[in-house]
Amino acid sequence: MGGVHDMGGSPAGPVDKGQHEVEDWERLADAINGALGAKGLQSTDQHRRAIESLEEYRDLSYYERWVAATEKLLLEKGVLTSDEIDERAAEIERRWNEP
Amino acid sequence: MTFEPGDRVRVLAAEKPGHVRTPEYLKGKAGWVESVIGTFPNPEELAYGLSGLPQRPLYKVGFRQIDLWDAYTGSAEDHLYADLYEQWLEPERGTT
């Protein structure tokens with residue numbers, strides 16, 4: 001069996017060719033990926049491997065996979081800790097909810 | 001470089017854990033080397049932060065669609081091309 005990403009040729013229904021507006025956080029996810037690559041902290045092959053190994057792969061959208069995989073890689077490499085990520089996320093949420 | 005354009009090849013039917021870029025639907029299938037793309041660091045190793053060296057030959061391999069899909073109703077001349085690394089190919093001596 002191939003990985004969860006290796007679905008080419010499997011029985012499936014029609015392909016959803018619908019488009020959606022790219023959201024700001026998705027652009028940011030793309031930019032962060034580029035920046036991490038430029039700094040040598042992440043490569044396309046590493047990122048693909050991390051995406052393919054996400055347990056929640058089938059429940060995530062395209063850029064949600066990107067973000068989850070980047071987080072996984074940065075934890076794996078010891079660039080960030082999950083505490084640091086959680087604290088920062090909480091801080092942003094506080095700021096977001098300020099009137 | 002083990003193979004040349006025109007050589008018959010078969011994709012290994014191997015199960016390899018990790019980051020594998022050879023699609024499941026091609027495993028065990030026979031085709032031909034259409035062209036040599038070049039040599040590149042092995043993505044199966046790059047995926048884990050290794051050097052991927054020595055570089056591995058990458059081939060553009062052709063397949064007949066009727067050899068890939070049981071219920072294929074299109075022309076016998078319909079082809080599919082895939083980029084496959086040398087470590088996934090073995091010489092094919094059959095006459096498919």
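The values are calculated or read from the model by the stated rules, or taken from the named source; none is laboratory data. Just so it is clear, the structure is predicted and the values come from calculations on it, not from any experiment. Positions of Cβ are backbone-derived with ideal geometry, glycine not excepted, and every protein chain shown enters the neighbour counts.
Just a few scattered comments:
- Condition met for A:Val22 (farther than 30 Å from B:Glu15 by Cβ, part of a loop (DSSP other than H, G, I, E, B) and of a type in the set (Val, Ile, Thr)): yes
- Unmet criterion (only one of (1) polar (S, T, N, Q); (2) within 13 Å of the chain's Cα centre (by Cα); (3) away from chain B (no Cβ under 14 Å)) for A:Gln42: (3)
- Condition check for B:Glu34 on (1) under 12 Å from the mean Cα position of the chain (by Cα); (2) acidic (Asp, Glu); (3) within 13 Å of chain A (Cβ to nearest Cβ); (4) farther than 26 Å from A:Ala69 by Cα: one failure, at (3).
- The lone criterion from (1) small (Gly, Ala, Ser); (2) outside any helix (DSSP H, G or I); (3) within 18 Å of the chain's Cα centre (by Cα) left unmet by A:Ala12 is number (3).
- Taken across region A:26-40, residues that are out of contact with any Cys (no Cβ under 8 Å at 6 or more places or on another chain) and in contact (Cβ under 8 Å) with a residue 40 or more places away in the chain do occur, with at least one present.
- Restricting the first member to region A:75-99 and to residues that are away from chain B (no Cβ under 14 Å) and under 17 Å from A:Trp25 (Cβ atoms), and the second to residues that are assigned to a helix (DSSP H, G or I) and at pLDDT 95 or above, the beta-carbon pairs closer than 9 Å and six or more apart or on different chains are A:Ile85/A:Glu71; A:Ile85/A:Leu74; A:Ile85/A:Leu75.
- Within region B:42-65, tally of residues that are on the phi < 0 side of the Ramachandran plot, surrounded by 15 or more Cβ atoms within 10 Å (Cβ to Cβ) and outside any strand (DSSP E or B): 7
- Tally of residues being within 12 Å of chain A (Cβ to nearest Cβ) and either in a loop (DSSP other than H, G, I, E, B) or more than 21 Å from B:Trp69 (Cβ to Cβ) (or both) across region B:14-31: 12
- B:Asp70, sole failed condition from (1) of a type in the set (D, E, K, R); (2) surrounded by 13 or more Cβ atoms within 10 Å (Cβ to Cβ); (3) within 14 Å of chain A (Cβ to nearest Cβ): (2)
- A:Ile32 being more than 28 Å from B:Tyr25 (Cβ to Cβ) and assigned to a helix (DSSP H, G or I): yes
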